[in-house]
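**Student:** Can you read through this structure? Questions will come right after.
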Amino acid sequence: MKSIAVLALSICAMLMNSRPASAAVSDPTGNWHFVLDTPGGDRESDAVFTLDGEKVTGKYGKADVAGTYKDGKIDLAFTIDTEEAGTGTLKIVGALDGDAITGNWEFTEYNGTFKATRAAAVPATPAPAPVPAPAPKPVDPN
């Protein structure tokens, strides 16, 4: 009887510490590294997103991001300027699962798939240590 009680308590503890599958879906807030599959090869870019309700804002490279996030789905559309194709609207639609977003992108007449992975926050660069002032030169009595 004692072993059944221990087993029941063990199962309860495991269930309380486990997360349901839907818990893997979090929110897109944070730093991301995107890899877009393009006809000219992979294109990589870093992004940082903030979530306020369902509104996503932030930066994708130098571009200001605008879009929405709901039920694990992210939908972004924002203007970017590229050397290869000029200025246009980049559309990114994907599904967030933990620390990864996968989906499709469109830009002018181009499109493809992408994968983004959550990146660690880049620490601020510390200020350089102050350089001590040189010691004063002794005065020559002569």
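Nothing in this text is a laboratory measurement; each read-out follows from the coordinates by a stated rule. Here the structure is a predicted model, which is why all the values come from computation and not from measurement. Neighbour counts run over all protein chains shown; Cβ positions are idealised from the backbone, glycine included.
**Student:** For the range 80-93, take each phi angle, set θ = phi - 60°, evaluate the Karplus expression 6.51 cos²θ - 1.76 cosθ + 1.60, and give the result in whole Hz per residue in order, putting x for glycine and proline.
**Tutor:** Ordered by residue, 3J(HN,Hα) equals 10, 10, 10, 5, 6, 10, x, 9, x, 9, 8, 10, 10, 10 Hz.
**Student:** Would you mind working out the magnitude of the charge dipole of the range 29-119 relative to its Cα centre, with +1 at each Lys and Arg C-beta and -1 at each Asp and Glu C-beta, to the nearest 20 Debye?
**Tutor:** Details: 9 positive and 16 negative charges, 48 e Å.
Dipole magnitude for the range 29-119 comes out near 220 debye.
**Student:** In addition: Have a look at V56, S45, T79 and report the one farthest towards the positive end of the charge dipole of the range 29-119, computed about the Cα centre with Cβ charges (Lys/Arg +1, Asp/Glu -1).
**Tutor:** Toward the positive end, the furthest listed residue is V56.
**Student:** Taking the Cβ of each residue in S45, S26 as the centre, tally the other Cβ atoms inside 10 Å and list the residues starting with the fewest. Numbers along the way, then the final one.
**Tutor:** Numbers: S45 18, S26 14.
Ordered from fewest to most neighbouring Cβ atoms within 10 Å, S45, S26 come out as S26, S45.
**Student:** Next up: Loop only per DSSP, at most 12 neighbouring Cβ atoms within 10 Å: give me the chymotrypsin sites (Phe, Trp or Tyr not before Pro) in the range 41-96, ordered by residue number. Write out the running numbers ahead of the final one.
**Tutor:** Working: sites: F49, Y60, Y69, F78; in loops: none.
In loop regions of the range 41-96 (DSSP not H, G, I, E or B), there are no sparsely surrounded chymotrypsin sites (Phe, Trp or Tyr not before Pro).
**Student:** Now for a different question. Which of the lysines could a cross-linker span from K55 if the Cα-Cα distance has to be under 27 Å and same-chain partners fewer than 8 positions apart are dropped?
**Tutor:** Within the straight-line limit of under 27 Å, K55 reaches these lysines: K70, K73, K91, K115.
**Student:** Taking a ≥ b ≥ c as the square roots of the Cα gyration tensor eigenvalues, with a/c under 1.5 meaning rounded and otherwise prolate when a/b beats b/c, else oblate, which class fits the range 29-119?
**Tutor:** The shape class here is prolate.
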